[in-house]
Amino acid sequence: MKNIKDYNIEDLKQELIKLGEKSYRAEQIFKWIYIDNVTSFDDMTNLSLDLREKLKNNFSLCIFKILRKQVSKDGTIKYLFDVLDGNSIETVLMKYHHGYSLCVSTQIGCKMGCKFCASTGIGFERNLSSGEIVEELLAVERDEKIKISNVVFMGIGEPLDNYDNVINSIKIINNPKGINIGARHISVSTSGLVPMIYKLADENIQCTLSISLHATNNEKRSEMMPINNKYSIEELIQACKDYIDKTNRRISFEYALAKDNNDNLEDAKELVKLLKGMLCHVNLIPINKIDNGKYVKSSNENILRFRDYLNEHGITATVRRELGSDIEAACGQLRRKNLNQE
Ligand code: SAH
């Protein structure tokens, strides 16, 4: 059965016309699904019984089951969802003073193979559909009885390797008739799929693009991130410049600091050279060590020295707050299957 959450409002209108219904019904259905967050077509009480029957016969509502919920001492919550085909994924809810931010997964597993990231450990199973990505958000809103205000595509998977579904999920999350989270409150993070960055620049979506850079020369970056063998730093930076020119949006560069690897002043100097003059911001992440991983967190002293060097040389940089590390919900700690899962 088709997942009704896979359809953006325009496509849902077409589906309804095919069923012999008026297209404005799509707006009513959107309200039930994305504002009221109902779990059954029977709850859509302003639709005729006949239409509710048709919907039941043609679509599912794709309601995830919570397999596990862990709450960190800092308030961060990690969910393990059963995505209804025997697979499971993790989603993380973070509470900030300005509201709730949700870190969504985009794939079951990941193909990128970054050496410092746990998500890559058990290989790749499949893409999540757009409706499944949106359901991550709805399931959390139902469970916590909250409204989420920011979405970051930084969970398991490479968003730009599941391009169409991710873009469609942004359209759904964005829709004023539904969840209504502005594109500026949505961030998409990529390990650097260069052709897809060019494509994204042409979409005319005002979301924030984050680039996982982590190193300033090809030798070091390729060692950390195999994708760099396919698209070099030079090609990546060129794509970013094109993206900024076209969209006028500031890019956020993620740089995970690992002790004795990429955290000394020479690296900071090279980073300044690489990013000089670009409309950008650097997000420094103290790297989280994964099981059997060789990268360990930089000292606080090195992290601050790195940050200050960037700021003093014209590149704005901040250190990302570490949330949820006690429940393995921090950057790079999410897994396709939870190892403790029964
Ligand atoms: N595949 C996408 C999005 C998922 S990762 C990407 O690569 O951008 C989200 C962010 O967490 C990325 O910047 C990623 O490089 C970073 N990350 C992964 N493992 C990490 C770790 N062990 N410590 C800190 N950050 C990590």
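Please report the relative contact order for the chain, taking Cα pairs under 8 Å with a sequence separation of at least 6, and give it as a percent rounded to a whole number.
Relative contact order comes out at 16 percent.
What does the accessible area per residue of the chain come to in Å², with a 1.4 Å probe and no ligands, DNA or RNA counted?
On a per-residue basis, the chain sits at 43 Å².
Taking H placed 1.01 Å from N in the peptide plane, check which residues at least 5 places from L257 or on another chain put their amide H under 5 Å from its amide H.
The list, which skips near neighbours in sequence, is I285, I287.
In a solvent-free Debye calculation with one equal scatterer on each Cα, what is log10 I(q)/I(0) for segment 173-251 at q = 0.13, 0.24 Å⁻¹, listed in the order of the q values?
Per q value, in the given order, log10 I(q)/I(0) is -0.43, -1.08.
Considering only protein heavy atoms and a 1.4 Å probe, what is the carbon-and-sulfur percentage of the accessible area of the chain?
Exposed carbon and sulfur together represent 48 percent of the surface.
Given that compact globular proteins tend to follow 2.2 N^0.38 Å, what is the ratio of the alpha-carbon Rg of segment 28-113 to that value?
1.39
Want the number for K31 to Y96: 0.36 nm per residue separation, take away the alpha-carbon distance, what's left?
Answer, rounded to one decimal: 20.7 nm.
Among DSSP beta bridges whose residues both lie in the chain, state the antiparallel percentage, nearest 5.
If we restrict to bridges inside the chain, about 45 percent are antiparallel.
Output the pairs from K199/K289; K115/K259; K78/K147 with a Cα-Cα distance over 23 Å in this structure; if there are none, say none.
K199/K289
With an 8 Å cut-off on Cα pairs and a minimum separation of 6 or more residues, tell me the relative contact order of segment 2-60 in percent.
With pairs under 8 Å counted, the relative contact order is 36 percent.
For the chain, list the DSSP H helices whose alpha carbon atoms reach 20 Å or more along the long axis and whose average Kyte-Doolittle value is -1.0 or above?
Answer set is 130-144, 233-247.
Based on alpha-carbon atoms only, what is the radius of gyration of segment 78-147 relative to the globular estimate 2.2 N^0.38 Å?
Dividing the Cα Rg of segment 78-147 by 2.2 N^0.38 Å gives 1.18.
If eta is 1.567 mPa s and T is 4 °C, what Stokes-Einstein diffusion coefficient results for segment 2-60, Kirkwood Rh from Cα pairs, in µm²/s?
115
Under the rule that a partner needs its Cβ under 4.7 Å from the first Cβ, which Cys of the chain have none?
C62, C103, C110, C207, C240, C280, C331
Considering all alpha-carbon pairs of the chain, what whole percent are spaced by more than 36 angstrom?
Summing the P(r) tail past 36 Å for the chain gives 21 percent.
The values are calculated or read from the model by the stated rules, or taken from the named source; none is laboratory data. Given the structure is predicted, the values throughout are model-derived calculations rather than measurements. Cβ: placed from backbone, ideal geometry, glycine included. Neighbour counts: every protein chain shown. These accessible areas exclude ligands, DNA and RNA; they are computed on the full protein's heavy atoms, side chains included. Shrake-Rupley method; radii C 1.70, N 1.55, O 1.52, S 1.80 Å.
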